[in-house]
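Here the structure comes first, spelled out in structure tokens, and everything after it is commentary.
The values are calculated or read from the model by the stated rules, or taken from the named source; none is laboratory data. The structure presented is a predicted model; accordingly, all values stated were derived computationally and were not measured. No Cβ is skipped: glycine too gets one built from the backbone with ideal geometry, and neighbour counts run over all protein chains shown. Each accessible area value is taken on the protein alone, full model and side chains, heavy atoms only, with ligands, DNA and RNA left out. Shrake-Rupley method; radii C 1.70, N 1.55, O 1.52, S 1.80 Å.
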Amino acid sequence: MDQKRIAKIARKTAETDINLTLEIDGSGRSKIDTGVPFFDHMLTLFAKHGLFDLEVTCKGDVAVDYHHTVEDVGIVLGEAFRAALGDKLGIRRYGFFLLPMDESLARVVVDLGGRAHLVYEANAPTMFVRDFNIILVKEFCRAFSNALACNLHVNLEYGEEPHHVAEAVFKGLARALDAATQYDPRAAGQLPSTKGKL
């Protein structure tokens, strides 16, 4: 298990131009520039709390909306995790975390089983942090789960302040992914499935 799990992904469309580098077994270092300050903050804490090394640059049509930038970064980040995980031999596969953030509590559960499905129930009473609509967090999660081909369940148990809600989700996702991507020493070289393929 000495091989470094690193991926570099570039994706350019008429709406976004993204370059992303991910190291799963990192130390939480990050360099993020998406043109959306609140989203940069979320990705920075995602890297820190998952202990992933992450670099992201995105030039997007933020003058139109933040949607394309947030969604497309979700796609590329999911692709990077999928590429870096490779054959998934020896990983734990499942991860979950309950993350408190002041008055908010988020539950995030992930299965890296090769099938994309999102369940997202995390609406706050107020949906904006300045000009960032936190419904975009759902769009990020959908794009990420589709690209990674993972089951992702996100539930806000309770919460009011939208910044705290979004932060609880991103930190919870980081911790759940950290758990799911870790190697299980009892299952070295084994695929965590009875199907023979993930």
Computed accessible area, residue 82, all protein chains, 1.4 angstrom probe, square angstrom: 120
Choice from 69, 57, 13 showing the highest fluctuation, given a GNM over the chain with Cα pairs closer than 10 Å: 13
Cβ-Cβ FRET estimate between residue 14 and residue 161, R0 fixed at 41 Å, reported to 0.05: 0.70
Aspartates and glutamates with Cα under 13 Å of residue 48, excluding same-chain neighbours fewer than 8 positions away: 23, 25, 40, 167, 178
Positive dipole terminus of region 48-142, leading residue within 120, 90, 137 (C-beta point charges): 90
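So if I place +1 on the C-beta of Lys and Arg and -1 on the C-beta of Asp and Glu, and nothing else carries charge, what would the dipole magnitude of the chain be about its Cα centre? I want it in debye, nearest 20. Intermediate results must be reported in sequence, preceding the final value.
Details: 23 positive and 27 negative charges, 202 e Å.
That gives a dipole near 980 debye.
Based on the Kirkwood radius over alpha-carbon pairs, what value in µm²/s does the Stokes-Einstein equation return for the translational diffusion coefficient of the chain at 20 °C and 1.002 mPa s?
Values: Rh = 16.7 Å.
The calculation lands on 128 µm²/s.
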Percent accessible area from carbon and sulfur atoms, the chain, protein chains only, probe 1.4 Å: 50
Most fluctuating residue given options 104, 27, 145, as computed from a GNM of the chain linking Cα atoms under 10 Å: 27
Value of relative contact order over the chain, rounded to a whole percent, pairs C-alpha under 8 Å and six or more apart: 25
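Rounded to the nearest whole Å², what accessible area per residue is found for region 76-168 with the 1.4 Å probe?
Working: 4110 Å² over 93 residues.
So region 76-168 comes to 44 Å² accessible per residue, rounded to a whole number.
Where does the charge balance sit around residue 61 when Lys and Arg score +1, Asp and Glu -1, over other residues with C-beta under 14 Å from its C-beta? Let's see the in-between values first.
Values: positive: 12, 59; negative: 15, 17, 65, 71, 72.
Cβ neighbours under 14 Å give a net charge of -3.
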